[in-house]
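In what follows, a structure is listed as structure tokens, so that the remarks can point back to it.
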Amino acid sequence: MPAIQINPDVALWPNGPVVINQLNATILFTWLVMALLILICWLVTRNLSTETTLSRGQNLLEVLVTGLRGQIREVSQQDPGPYLPFVGTLFLFIAASNLLDVVPGYRSPTGSLSTTAALATCVFIAVPWFGVTSQGIGRYLKQYIQPSAFMLPFNIIGELSRTLALAVRLYGNMMSGSVIGMILLGFVPLFVPIVMQLFGLLTGMIQAYIFAVLAMVYIASATQVHQVSNDEIPETKNSA
């Protein structure tokens, strides 16, 4: 049975005249995914058209952007404009990282706890950022002492725990598929691994969607108080 490598965080060139310990497989493939996404976006957007006949790349881009905007609006009940770049980037990076898993020799960065923790940390920073931008720092921080100041430590622990849950959920789901595939490869080396590989691609897309939706749910929870307050102000004036 082949050896199962749980985490791709290994040095690529640990020995030699120049020892490169920081450049590991995760960093390398992360930068490759980012470079590929940048290249594809540049190729698709360099000749955008408003005509009725559009290129396949622009059609796919418009479908993707429209779908993301619809999901963000449905989850947050807010204008998706401010959140689309961040949530869309998360989805595209995770989806591309997982889809490239069919390339021989490639190791998905999402199979590393380092990458998933970094993505979860981005969400952890983005939630208060959007909350403060939407509500103001005073009103946003006031949520942490609702309904009483006694809840402050529990609310802080809740913020930290859901960040950890985001990282572990994505890492666990991606690595479990890889481990199962490697185990089956040792027993049935022909057809079953191919089926598992296809199933892994589907799982990777689902995980990208779930991660993006959860990120939007957390952001919406930090901004919805502001939205409700604005909706209630006209009703109060009308009733008066």
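The values are calculated or read from the model by the stated rules, or taken from the named source; none is laboratory data. Just so you know, these numbers come straight off a predicted model, no measurement behind them. Backbone-built Cβ (ideal geometry, glycine too); neighbour counts: all protein chains shown.
Summary of computed values
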| read-out | value |
| --- | --- |
| Test: residue in the stretch 220-235 that is modelled with pLDDT of 80 or more, in a helix (DSSP H, G or I), within 25 Å of T110 (Cα to Cα) and aliphatic (A, V, I, L, M) | yes |
| The one condition in (1) modelled with pLDDT of 85 or more; (2) not in a helix (DSSP H, G or I) that P189 fails to fulfil | (1) |
| Residues within the stretch 85-105 that are within 18 Å of N173 (Cα to Cα) and over 12 Å from the mean Cα position of the chain (by Cα), tallied | 4 |
| Residue in the stretch 94-113 that is at pLDDT below 90, in contact with a helix residue (DSSP H, G or I) (Cβ under 6 Å, 6 or more places away or on another chain) and farther than 20 Å from M205 by Cβ present | yes |
| Answer from V123, V132, V75 - the residue that is in a helix (DSSP H, G or I), surrounded by fewer than 18 Cβ atoms within 10 Å (Cβ to Cβ) and of a type in the set (V, I, T) | V132 |
| Residue in the stretch 137-150 that is crowded, with 18+ Cβ neighbours inside 10 Å, over 30 Å from G200 (Cα atoms) and not basic (K, R) present | yes |
| Residue within the stretch 101-118 that is of a type in the set (K, R) and under 20 Å from T223 (Cα atoms) present | no |
